[in-house]
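Working notes for the structure below.
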């Protein structure tokens with residue numbers, strides 16, 4: 001087989017913010033790796049590959065991925081020409097093989113596991129085959145959220161709810177769902193501001209229930225986060241989504257200074273109303289209960305996170321209530 005490395009520029013990681021490159025391997029990140037110290041707490045979750053796709057075009061019948069580290073239980077979803085073709089369940093071996101593929105030129109996207117980092121040494125293809133980067137002309141959607149958006153509960157890498165939305169609407173996804181770390185941080189706002197985006201959605205609140213942001217700080221941080229993103233994106237749609245249903249957090253406080261989810265929904269709606277009063281007609285508020293409400297509690301086995309089936313419920317409700325019809329693209 002012929003081997004190719006990241007420096008050869010024949011494949012890309014889509015849905016990441018940056019790529020760490022070492023002598024023998026590369027690793028996609030969902031933050032700017034060169035400034036990793038400016039993202040305290042977030043960096044651990046940002047190194048997990050939720051929503052990231054390894055993408056290229058090839059006519060090879062066999063594809064080999066040689067990993068720098070092997071992870072037992074890691075799953076990879078192979079898509080060919082936009083459709084699910086095969087899932088690979090890793091046994092800890094560093095060598096991953098997809099065999100017997102179509103011999104014609106085809107678009108290959110491999111969805112990476114949201115539970116693991118992904119350190120790739122090289123890609124191997126058949127000796128008489130070619131490989132080149134894919135060109136994407138989809139509209140770009142950047143989503144920011146918590147573990148509910150990180151979606152470790154999904155049955156497979158491509159079945160995270162944001163991934164399901166992207167597949168059904170032909171959007172180019174960057175999923176900034178950081179388990180336990182959606183705290184409306186200014187550096188994340190700056191990062192989102194600088195990413196190419198045609199739409200930004202932010203599902204805010206649940207990680208602040210612990211008191212990470214209080215009644216005094218939650219609203220100002222939400223205002224600041226939106227304002228930072230608007231600095232370079234004055235016209236794109238921004239959708240602010242409040243927390244989905246979480247029965248044990250709806251009306252209960254974690255501490256004297258923390259907010260309930262009911263209070264967060266009210267505050268976020270008022271924040272969006274203020275921006276609209278100041279002339280921002282492209283910002284919108286959506287109640288998170290429209291994505292998953294009390295009538296769908298059966299999809300919350302731990303009372304917080306949607307399970308594998310809940311990912312599909314979230315995706316369908318997101319498309320129904322959040323994405324404008326004129327934003328959805330036909331399949332290319």
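Annotations for the structure displayed:
- Residues 113, 8 arranged by fewest to most Cβ contacts within 10 Å: 8, 113
- Relative contact order [Cα under 8 Å, 6+ residues apart], the chain, whole percent: 16 percent
- The orientation-averaged shadow of the Cα convex hull for the stretch 207-255, equal to a quarter of the hull surface, comes to 4.1 nm².
- Sorting the Cα pairs of the stretch 2-132 by distance into bins of 5 Å, from 0 upward, gives 2, 11, 21, 24, 21, 12, 5, 2, 1, 0 percent per bin.
- Taking the DSSP beta bridges with both ends in the chain, the antiparallel portion is around 70 percent.
- Taking the fewest neighbouring Cβ atoms within 10 Å as the starting point, the ordered list for 182, 104 is 104, 182.
- Inter-part distance where the stretch 1-29 and the stretch 169-199 are each reduced to a Cα centre, Å: 21 Å
- For the chain, convex hull of alpha carbons as volume per residue, Å³: 129 Å³
- Nearest-ten-degree value, helix 215-230 long axis tilted from longest Cα axis of the chain: 50 degrees
- As a proxy for reagent exposure, 162, 174, 133 were ordered by neighbouring Cβ count within 10 angstrom, fewest first; the result is 133, 174, 162.
- Residue 232/residue 129 FRET efficiency (R0 45 Å; Cβ-Cβ; nearest 0.05): 0.65
- The distance linking the stretch 63-133 with the stretch 245-320 is 36 Å (Cα centroid to Cα centroid, whole angstrom).
- Among 40-49, 255-264, sorting by the average number of other beta carbon atoms lying within 10 angstrom of each residue, highest first, gives 40-49, 255-264.
- Seen against the Cα atoms of the chain and their longest principal axis, helix 308-321 is set at about 60 degrees.
- For residue 248 and residue 308, a Förster radius of 25 Å and the Cβ-Cβ distance give a FRET efficiency of 0.70, rounded to the nearest 0.05.
- Estimated [θ] at 222 nm from DSSP helical runs (n ≥ 4, -39500 (n - 2.57)) normalised by residues in the chain, nearest 500: -6500 deg cm²/dmol
- A viscosity of 1.306 mPa s and a temperature of 10 °C, combined with the Kirkwood radius over C-alpha pairs in the Stokes-Einstein formula, give the stretch 140-327 a diffusion coefficient of 97 µm²/s.
Readers should treat all values here as calculations from the given coordinates under stated rules, not as data from a laboratory. Predicted model only: the values in this text are computed from it and were never measured. Glycine gets a Cβ as well: all are built from the backbone with ideal geometry, and neighbour counts include every protein chain shown.
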